[in-house]
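Coordinate-derived values only; no laboratory data. Fair warning: this is a prediction, and the values are worked out from it, not measured in the lab. Glycine gets a Cβ as well: all are built from the backbone with ideal geometry, and neighbour counts include every protein chain shown.
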Amino acid sequence: MKIAVMSDFHLGYNEDSFTQAREALEKASAFDLIIICGDLFDSRNPNQETIYEAVKMLAETKKKLKPLKITQGDAEFQNVPIVIPGTHERKSKGMPNIIQILHESGLLVNTHAVKTRVENLSIQGMAGVPDDLSTQALNAMNFEPEKNLFNIFLLHQTIKNIEEPSSDFQDGISTSDLPKNFDLYCNGHIHHHFIFKNILIPGSTVVTQMKKVETNSKGFYVYDTESKKAEFQEIKTRKLYVSEISLENTSVKEIKEKIEDEIAKTPASIPLPMLRIIVNATLKEKEDLDFKIKTSKVLLTVEKNITSSTLKDKINQLRSMDYKNNRQKSIEMVGKKFDKGDELFEALEKGEMEKAAALL
Ligand SMILES: [Mn+2]
């Protein structure tokens, strides 16, 4: 059997979330079964427009999928994706979440804390829980594989000890916390795709964080239960590019030129690519930082970490002072007389440079 494993549509996050989820589901309908590992929705209370779009794409998927009987005990379902709720769909105890609502409508099968059977597959899963509770929750639920079946476990958690690019996870479960002896684990929550041993992480179908790691392709895995191999299927998405510019002793004019160079270097594509530029710079002279760049080639985000050289010197000077014992003198030393000393030092301590600059 060929299973399409996908995750994190984040429907409602933006327009792309709908087009790209639709694209993934359309492509996945060619395979035998679809699994979605949580965060189908971006909000625990999606608005009606979002629910409407979701219902339409799930109904369409149901029509396209080949006939396939899915059971949970006595309950029977036909040709629908197998799903767990993610952390974004989480509601307080006793309140129905949107995945339960769609389960009742017959458009998907919620497999949180129940066994779902499809031919010789047994699929179990746990909805996304906050990282600090995840180990406890897994232990409490005590999942076990079923005999003589191909066992799949779905989850939506941070797994901190899996190797992948730019791992900065600290909280979450370890692979040793996973229920033992399942043949395959499918995990959502992590927004870029990779495989660790028998754990498939399909990533999100939409960019939500604009991090460098999200510049990777988006799509889903197709797992073949016979060859026990997975292949990544890319979907058409809006491309993301992230670049960083560092300039010392410069001017706004120079910064703007560098940004324009980056825009020129970005390959053209449809839909328009996103370009995020991080500018780290110190200015020769104090200038207005509220500059705009006009472009119709990319969707541009500029992150400005810019200070003037003189301001930087002042901040360093202030930082090196023992202000608690000598506050008044410290302020006099930088040639300023004002009564916002406390506010200024607080901003400096918190690293809020723009606020500190405004106070100076
Ligand atoms: Mn997510």
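Cross-link reach is defined here as a Cα-Cα straight distance under 15 Å, omitting same-chain residues fewer than 8 places apart; for LYS212 the aspartates and glutamates meeting it are GLU164, ASP168, GLU244, GLU303.
Just from its helices, what would the mean residue ellipticity at 222 nm be for the chain, if runs of 4 or more DSSP H residues each count -39500 (n - 2.57) and the sum is divided by every residue, rounded to the nearest 500 deg cm²/dmol? Intermediate results must be reported in sequence, preceding the final value.
Values: 9 runs with 98 residues, N = 360.
The per-residue figure over the chain is -8000 deg cm²/dmol.
Evaluating 6.51 cos²θ - 1.76 cosθ + 1.60 at θ = phi - 60° for every residue in segment 16-25, the Karplus couplings come out as 4, 4, 6, 4, 6, 5, 4, 4, 5, 5 Hz, glycine and proline recorded as x. Placing a pseudo-label 7 Å from each Cα along the Cα-to-Cβ vector at LYS236 and GLU257 gives an inter-label distance of 3.9 nm.
Extent along the principal axes, Cα only, for segment 212-280: 61, 24, 12 Å, with the longest axis given first.
The aspartates and glutamates within cross-link reach of LYS66, meaning a Cα-to-Cα straight distance under 12 Å and a gap of 8 or more places when in the same chain, are ASP32. What residues from segment 246-264 fall in the zone where the backbone N is under 18 Å from a label point 7 Å along the Cα-to-C-beta line of ASN305? 246-251, 255-256, 259, by backbone N distance to the label point.
Only beta bridges with both residues in the chain are counted; by DSSP, about 35 percent of them are antiparallel.
Charge dipole of the chain (Cα centre as origin; +1 on each Lys and Arg Cβ, -1 on each Asp and Glu Cβ, all else neutral): 300 debye, rounded to the nearest 20.
Each label was represented as a point 7 Å from its Cα along the Cα-to-Cβ direction; for SER227 and MET95 these points are 4.5 nm apart.
Quick one: of LYS197/LYS304; LYS256/LYS350; LYS292/LYS350; LYS62/LYS115; LYS93/LYS350, which pairs are farther than 31 Å apart, Cα to Cα?
On the way: LYS197/LYS304 40 Å; LYS256/LYS350 29 Å; LYS292/LYS350 28 Å; LYS62/LYS115 21 Å; LYS93/LYS350 37 Å.
Correct reply: LYS197/LYS304; LYS93/LYS350.
Values of log10 I(q)/I(0) for the chain across q = 0.08, 0.12, 0.15 Å⁻¹ run -0.53, -0.91, -1.18, by the Debye formula with one identical scatterer at each alpha carbon and no solvent. So what does log10 I(q)/I(0) come out to for segment 56-109 at q = 0.16, 0.19 Å⁻¹, using the Debye formula with one equal point on every Cα and no solvent? Taken in order of the listed q values, log10 I(q)/I(0) reads -0.52, -0.70. Basic side chains Lys and Arg get +1 at the Cβ, acidic Asp and Glu get -1 at the Cβ, and with that the dipole of segment 137-290 about its Cα centre reaches some 300 debye. Taking label positions 7 Å along the Cα-Cβ direction at both ASN161 and ALA140, the computed distance is 2.4 nm, reported to one decimal. Compared with the direct C-alpha span, the chain from ARG44 to LYS355 gains 108.6 nm at full extension, assuming 0.36 nm per residue. Counting only alpha carbon atoms, the long axis of helix 48-64 and the longest principal axis of the chain meet at about 40°.
Report, as a whole number in µm² per second, the diffusion coefficient that Stokes-Einstein gives for segment 79-128 at 10 °C and 1.306 mPa s using the Kirkwood radius over alpha carbon pairs. Mind dumping the intermediate values first?
Values: Rh = 11.3 Å.
Rounded to a whole number, D works out at 140 µm²/s.
In this structure, the amide hydrogen of ASN79, modeled 1.01 Å from its nitrogen in the peptide plane, lies closer than 5 angstrom to those of LEU68, ILE70, counting only residues at least 5 positions away or on a different chain.
A straight Cα-to-Cα reach below 15 Å connects LYS27 with the aspartates and glutamates GLU60, GLU231, GLU234, residues fewer than 8 places away in its own chain not being considered.
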